[in-house]
Amino acid sequence: MRADAAVLDFEYMRHFAAAIGAWGPPPRMLALHVGAGVCTMARHLAAAYPDSRHIAVDVDAALPELAREWWDLPRSPQLRIRQQEGLKAVATRHPESLDLLLRDAFAGDTTPVTLADDTWWGHAARAMRPDGLVVANVGTVPGGTTQRQDALAARQAFRTVVAVGEPAVIKGRRRGNVVLVASHEVDVDALRRYAASAPLPTGVSPDWTG
């Protein structure tokens, strides 16, 4: 994590930020971060959108709290950190209670199956407000099954799902990260403009199925 909250080192996090910018968040959005880590995205978005509120959950209680000691993370109520499993965090949300949902949770180099199936995505759709947005980091391996299940479940839950990532990864030629951008309406043209100016080769696929 950088001292400057505006700087994102990981390419997939820049995809997250671009997708959120293209969406155009409401001024007082409420975001749930599943897979808090050291709260890099929560810190970035809190700085970019000062009136936003964030809940960050992680199965590891120690890491996010250590991040509070190491970095200038926003305090509650702007950023609340909880130890909680990712499925439960989404399943226990009230209907239409979130504007933004970010998923960045891994078991090894892939997304846990319990966060990449019809159940998780169904709860995600139920928890989102009508114009809400889900961005999910998908760990992919050539021929992998979890990423395909993830993409297909997202498409069952949301009208529009767009994949953003390195072209070779999107095409299944190498392992890496693909960001799924899911909503009932996604500005694909804005994502393509972002991809065209990104520092590294970036593809946008509205029909990616893993």
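The values are calculated or read from the model by the stated rules, or taken from the named source; none is laboratory data. In this text the structure is predicted, and so the values were computed from the model without any measurement. With ideal geometry, Cβ positions are generated from the backbone for all residues, glycine too; neighbour counts draw on all protein chains shown. These accessible areas exclude ligands, DNA and RNA; they are computed on the full protein's heavy atoms, side chains included. Shrake-Rupley method; radii C 1.70, N 1.55, O 1.52, S 1.80 Å.
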Next on the checklist: For a quick check of your reading: which strands (runs of 3 or more DSSP E) sit entirely within region 1-88 and have at least 1 residues that are under 17 Å from the mean Cα position of the chain (by Cα), under 25 Å from TYR194 (Cβ atoms) and modelled with pLDDT of 95 or more?
Outcome noted: 30-34, 53-58
Checklist entry - Just checking, how many residues over region 37-48 are touching a strand residue (DSSP E or B) at 6+ places or on another chain (Cβ under 9 Å), over 13 Å from ASN137 (Cβ atoms) and either buried (at least 24 other Cβ atoms within 10 Å of the Cβ) or not small (Gly, Ala, Ser) (or both)? => result 4
Checklist entry - Applying the selection to region 119-153, what residues are touching a Lys or Arg at 6+ places or on another chain (Cβ under 6 Å), open to solvent by less than 10 Å² (accessible area, probe 1.4 Å), outside any strand (DSSP E or B) and closer than 24 Å to GLY176 by Cα? => result none
Checklist entry - What is the residue count in region 93-118 for residues that are in contact with a His (Cβ under 8 Å, 6 or more places away or on another chain) and either of a type in the set (Asp, Glu) or part of a helix (DSSP H, G or I) (or both)? => result 1
Checklist entry - What about VAL204, is it open to solvent by less than 40 Å² (accessible area, probe 1.4 Å), more than 24 Å from ALA36 (Cβ to Cβ), in a strand (DSSP E or B) and in contact (Cβ under 8 Å) with a residue 24 or more places away in the chain? => result yes
Next on the checklist: What pairs come out if I take residues in region 165-189 that are under 13 Å from ASP131 (Cα atoms) and pair them with residues that are surrounded by 13 or more Cβ atoms within 10 Å (Cβ to Cβ) and among the charged types (D, E, K, R) whose C-beta lies under 7 Å away, six or more apart or interchain?
Outcome noted: none
